[in-house]
1. How big is D for the range 231-343, in µm² s⁻¹ as a whole number, if Stokes-Einstein is applied with the Kirkwood radius of its Cα pairs at 4 °C and 1.567 mPa s?
2. Is there a pair in K158/K376; K162/K376; K114/K336; K241/K376 whose C-alpha atoms are over 22 Å apart, and which pairs would that be?
3. Can you list the residues, at least 5 places off or on another chain, whose amide H is less than 5 Å from the amide H of V133, using H built in the peptide plane?
4. Nearest 500 deg cm²/dmol is fine: what mean residue ellipticity at 222 nm does the chain get from its DSSP H runs of n ≥ 4 alone, each adding -39,500 (n - 2.57), divided by its residue count?
5. What is the gain in length, in nm to one decimal, between A172 and Q403 on full extension, counting 0.36 nm per residue of separation less the C-alpha to C-alpha distance?
6. With the crude spin-label approximation of a point 7 Å out along Cα→Cβ, what separation in nm comes out for T75 versus D418?
7. What full-extension length gain, to one decimal in nm, is calculated for K162 and T369 as 0.36 nm per residue of separation minus the Cα-Cα distance?
8. For the range 221-288 and the range 399-440, write down the distance between their C-alpha centroids in whole Å.
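All of the numbers you see were taken from the coordinates with simple rules; none came from a lab. Just so it is clear, the model here is predicted, and its values are computed rather than measured. In this analysis, Cβ positions are derived from the backbone assuming ideal geometry, glycine residues included, and neighbour counts consider all displayed protein chains.
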Amino acid sequence: MNSTRSRRVQAAAAAVVLAALATACGGGSGDKQSSGPVTLQFWGWANGQDAVVKAFNASHTDVKLKYTKVTDQLTMQKQLSNAVKAKNAPCLVQNTSEYVTSWVSQGALADISKYVSSSKSKFNAGSWATTQVQGKSYGVPTSSAPAFTIYRTDVFKKYGLKAPTTWDEFVAAGKVLKKHGIKITNYAGEDPSTLEVLSMQAGAHWYAIDGNSWKVDFQDAGSLKAAKVIQEIIDNDLNSKLSFADYAAVQRNYDNGGTVTRQISTWQMAGMVQNFTKSFGKWALSPWPTFAGEAAKTPAGTNLTGSVTLVTNQCKNTQQAAEAALWMSTNPGAVKTMASPTTGNGVMPALADGQSYVGEAISDKLLGTNYEPAKKVVTDSLNTVTTDWSYGPDFTAMLTEMQAGWAKVVSKQETVTDLLAHMQQWTVNDLKSRGISVKG
């Protein structure tokens, strides 16, 4: 599932023990040649960014961007970590909001507040918060991610099913579809975001601030509520197990009707548009399913990953990097390019007037006659996302550990509650090993 995910990175000065940010510049990520403009290295993975970079370079004479495409967001974390250690990090990196606190804690990012604060009103509040740690800005938000379900209308109609409004209905529909060799969802073994997002929806808070310490709780009522739903889906074999390592195979499975729902945001629709050949016009949107006893809501108290453009601490031209990041997030042409699932990544912009781009961010080719109703689902989602989810300073390491456990969960080697219990102890120990005050 793994985007506004604009989730608020909440950190208080008394509660977060962050590594001191180095002030020395390293590497050659932003060098000005005596005979030419400043050249800024920019790493990203989203479709359309190369076109945005070309547009930026065509409209600027004093600053140029040199774009390097990275495979995906997880690969980005590994490559950026290596580059930071080698002191040759790029000036600008695409990232997602959950990693910001971790990179700040490692001293990898530059405080660009003085260059971007005056532009705060151009962005929606949730997205702006994703680049903030302790009241300082370390980047510029590029996208928000209203959440919803996309499902195959033809398959649901064939078997007398309606779009599930609750997780109980979702499981029941999955059992009907299973009889016909169809899976209702896909759990990739390397992607534990399903557990994270359902826990968030259920009101969990894996990380929180408690006085001068971090509080860790992977076993609260919300996490256990999410675990119950996920375990029921796995125990009943209602999910496919296709890895995103073979992205084309995952998309073919949806296109062929092997799996028929996804809980996603607009940016994930881009991959569907770019890879499908058979099922155009057969998809529709509906709100997320809710937990039993909860009223329908769009989205159902959850959020997915929103992107940010971060400025690294090794950049020699911090102001130019900050201004370039602002341009890519606010220039109308650049925003439109990225919002389209055809020319870009299908992302909803992080802008305050993001609703004006809803039509750009969803595909009439994919949705057919369901396009107009889909616009309302997305628009209704824009200002109702969860913003009280905190990311701890070791989120990157925590997610890596959770990935290993999630693979065991998907393959039925351990239960979801086993994984949560392990993550509770592991995260507490990890924070303590970093010298960070923690309760849990």
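1. Numbers: Rh = 17.7 Å.
D, rounded to a whole number, is 73 µm²/s.
2. Details: K158/K376 25 Å; K162/K376 18 Å; K114/K336 27 Å; K241/K376 31 Å.
In this structure, K158/K376; K114/K336; K241/K376 exceed 22 Å between Cα atoms.
3. Y138
4. Numbers: 18 runs with 175 residues, N = 440.
Estimated from H runs of four or more residues: -11500 deg cm²/dmol.
5. Numbers: separation 231, 0.36 × 231 = 83.16 nm, distance 2.75 nm.
Extending this stretch completely gives an extra 80.4 nm.
6. The answer from the label model is 3.2 nm.
7. Contour length minus Cα-Cα distance gives 72.8 nm.
8. The range 221-288 and the range 399-440 have Cα centres spaced 25 Å from each other.
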